[in-house]
Amino acid sequence: MPLRIASWNINSLRLRLDNVTRLVETLSPDVLCLQEIKVQDEHFPHERLSALGYRHILAHGMKSYNGVAVLSRLPFSQPARRAWCGREDCRHAIVALPGGIELHNFYVPAGGDLPDPEANPKFAHKLQFLEEMAAWFAAEPRPTANLVLVGDLNVAPLENDVWSHKQLLDVVCHTPGEVARLEVLRQGLGWVDAVRHFIPPSEKLYSWWSYRARDWAASNRGRRIDHAWVSPALAPRLAGAQVLREARGWPQPSDHVPVIVDLA
């Protein structure tokens with residue numbers, strides 16, 4: 001059956017509930033995966049989201065930082081939360097959707113400002129996280145499985161995923177080491193980049209713009225660090241994908257915008 005999945009680093013769910021409502025009214029996703037929800041599970045706004053039609057919720061949150069959630073209008077099974085790098089920091093949620101689709105929602109560490117794993121523990125954590133992801137998915141190859149991986153992966157892999165390839169080569173999110181590790185992860189299962197499946201790599205495309213810019217739209221110094229991938233078995237069902245740039249201009253916006261993928 002047709003399925004619309006949206007992924008969004010909301011940068012504080014309770015602060016931006018009105019924007020979630022606007023997204024739902026605009027695009028009506030069947031499943032909404034959120035990152036950086038920044039709310040403990042006991043304070044998660046179940047009632048407000050249920051009123052939008054999302055009665056099936058897996059929340060995996062912590063106070064002030066990180067956190068992921070899967071909101072679904074469809075019943076799901078096998079909800080799971082997974083820890084990485086020996087830390088319980090709420091970065092991965094898993095559910096099984098109707099039709100045999102296994103959905104993974106990730107929030108990869110940002111990595112701090114200095115792209116040096118010896119001098120910057122945050123960057124070392126990010127590299128380790130990407131390496132563990134690649135090893136975990138590769139440990140049990142499932143070439144016929146219907147898998148979806150979405151989330152803020154905090155890596156802009158392609159030259160046109162950043163406003164300036166040359167100027168950002170030594171900036172965290174676009175360094176060769178990060179890009180190489182993400183590619184190892186992608187190649188491990190032959191993941192298909194759903195967005196670039198429809199929007200060619202020759203076209204500039206971003207999902208994040210810094211709050212520091214006086215006019216984010218005029219400067220347009222963005223990065224595509226939010227992604228939606230599908231396994232090869234699911235690729236024939238890809239029917240469309242988009243990045244909702246306009247959401248960056250909504251009142252009290254997140255610095256990220258939603259990424260949407262449609263399956264036929």
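The values are calculated or read from the model by the stated rules, or taken from the named source; none is laboratory data. Model, not experiment: these values are computed from the prediction. Counting neighbours? That spans all protein chains shown, and the Cβs are built from the backbone with ideal geometry, glycine included. Each accessible area value is taken on the protein alone, full model and side chains, heavy atoms only, with ligands, DNA and RNA left out. Shrake-Rupley method; radii C 1.70, N 1.55, O 1.52, S 1.80 Å.
So if we plug the beta-carbon distance of Arg87 and Ala139 into 1/(1 + (r/R0)^6) with R0 = 25 Å, what FRET efficiency do we get, rounded to 0.05? With R0 = 25 Å, the Cβ-Cβ based efficiency is 0.80. The dipole here belongs to region 94-250: it is taken about the Cα centre, uses +1 on the Cβ of Lys and Arg and -1 on the Cβ of Asp and Glu, and is about 460 debye. Summarising the overall dimensions of region 199-264 from its C-alpha atoms, the Rg and Dmax are 13.7, 44 angstrom. In the chain, the convex hull through the Cα atoms has an average projected area of 13.2 nm², a quarter of its surface area.
How much of the DSSP beta bridge set in the chain is antiparallel, as a percent to the nearest 5?
Working: 41 of 53 bridges.
Antiparallel bridges: around 75 percent, rounded to the nearest 5.
A 1.4 Å probe run over the protein chains yields, for the chain, 43 Å² of accessible area per residue, whole-number rounding. Here the peptides 32-44, 138-150 are ranked by packing, the mean other Cβ count within 10 Å, and the order with the highest first is 32-44, 138-150. Remark: the His43-Ala218 segment gains 59.3 nm on full extension, using 0.36 nm per residue and subtracting the alpha carbon distance.
For the chain, with all protein chains present and a 1.4 Å probe, just round the carbon and sulfur fraction of the accessible area to a whole percent. Numbers along the way, then the final one.
Working: 5740 of 11430 Å².
Solvent-exposed carbon and sulfur of the chain make up 50 percent of the total.
Set against the 2.2 N^0.38 Å expectation for a compact globular protein, region 115-176 has a Cα radius of gyration ratio of 1.35. Rounded to the nearest 20, the Cβ-based charge dipole of the chain about its Cα centre (Lys and Arg +1, Asp and Glu -1) stands at 420 debye.
Find how much the distance from Ser210 to Asp170 grows on full extension, using 0.36 nm per residue of separation minus their present alpha carbon separation; answer in nm with one decimal.
12.7 nm
Helices of the chain meeting both criteria, an alpha-carbon length of 20 angstrom or more along the long axis and an average Kyte-Doolittle score not below -1.0, with helices taken as full DSSP H segments, are 121-139, 176-189. Only lysine pairs 8 or more places apart, or on different chains, with alpha-carbon atoms under 29 angstrom apart are counted in the chain, and they number 10. Residues in region 30-57 near a label at Asp18, defined as backbone nitrogen under 17 Å from the 7 Å Cα→Cβ point? Residues passing the 17 Å test: 48-49.
Region 193-246 and region 3-55 have Cα centres spaced 19 Å apart.
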